[in-house]
1. Just checking, which of I150, I142 is loosely packed, with under 10 Cβ neighbours inside 10 Å and either assigned to a loop (DSSP other than H, G, I, E, B) or on the phi > 0 side of the Ramachandran plot (or both)?
2. Can you tell me which of (1) more than 20 Å from T146 (Cβ to Cβ); (2) surrounded by 13 or more Cβ atoms within 10 Å (Cβ to Cβ); (3) not aromatic (F, W, Y) is the one D3 doesn't meet?
3. Which residue is nearest to N73 (Cα to Cα), if the candidates are limited to region 99-137 and must be touching a residue at least 40 places away in the same chain (Cβ under 8 Å) and of a type in the set (D, E)?
4. Right, I80: β-branched (V, I, T), at pLDDT 95 or above, closer than 21 Å to S135 by Cα and surrounded by 12 or more Cβ atoms within 10 Å (Cβ to Cβ) or not?
5. Being over 19 Å from the mean Cα position of the chain (by Cα) and assigned to a loop (DSSP other than H, G, I, E, B) is the filter; apply it to region 118-139 and report the residue that is farthest from L60 (Cα to Cα).
6. Looking at R108, R57, can you tell me which residue is touching a Gly at 6+ places or on another chain (Cβ under 7 Å) and closer than 24 Å to M139 by Cβ?
7. How many residues does region 40-77 contain that are surrounded by 10 or more Cβ atoms within 10 Å (Cβ to Cβ), polar (S, T, N, Q) and under 23 Å from Q15 (Cβ atoms)?
8. Is there a residue in region 86-98 that is more than 30 Å from A131 (Cβ to Cβ), out of contact with any Cys (no Cβ under 9 Å at 6 or more places or on another chain), among the β-branched types (V, I, T) and exposed (fewer than 15 other Cβ atoms within 10 Å of the Cβ)?
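The values are calculated or read from the model by the stated rules, or taken from the named source; none is laboratory data. The shown structure was predicted, so the numbers you read here are calculated from the model rather than taken from an experiment. Positions of Cβ are backbone-derived with ideal geometry, glycine not excepted, and every protein chain shown enters the neighbour counts.
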Amino acid sequence: MLDSTDKAILNLLQQDASLSVADIAETINLTVSPCWRRIQNLENRGYIEKRVALLNRQQLDLGIDVFVFIKTNQHNDEWIEQFYSALEVLPEVLEAYRMSGDVDYLLRVVVKDISAYDAFYKNLVSKVPLADVSSSFAMERIKFTTAVPI
């Protein structure tokens, strides 16, 4: 179970994973050694999966989010393995979910422009048979965070 100090550490790291242990310790009124041990413990217990840098997509000319809705008429292990393998080699897919309801899978794809999405689409459908694919292009990003509520 997480106590309030662990939660404070996790919230700080979600906002800035480059913070030093000393900075975290000072912020939460803890000395460096116990703070370091708590961070190590959180990592060892799986609360911290990894630390990453979030890149500026505009600077990288990757400004379009596409939500791709996929339906399949095949729900066997072989097709699922083929589909999952296809997703692994498509770097444009940032998120993929198996869904309930009318759509079987939802992908969030990031591309430079419509031409790049068209190339992605052709690549995807060449890798795995799909019953239906539809896409919606995000017009504006209103909220984006990687921080989960603790």
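1. Numbers: I150 fails: loosely packed, with under 10 Cβ neighbours inside 10 Å.
Just a single option satisfies the conditions, and that option is I142.
2. Just one mismatch for D3, condition (2).
3. Result: D132.
4. Working: β-branched (V, I, T): yes; at pLDDT 95 or above: yes; closer than 21 Å to S135 by Cα: yes; surrounded by 12 or more Cβ atoms within 10 Å (Cβ to Cβ): yes.
Yes.
5. A131
6. Values: R108 fails: touching a Gly at 6+ places or on another chain (Cβ under 7 Å).
Residue meeting the stated conditions: R57.
7. Matching residues across region 40-77 total 2.
8. No, the conditions are met nowhere in region 86-98.
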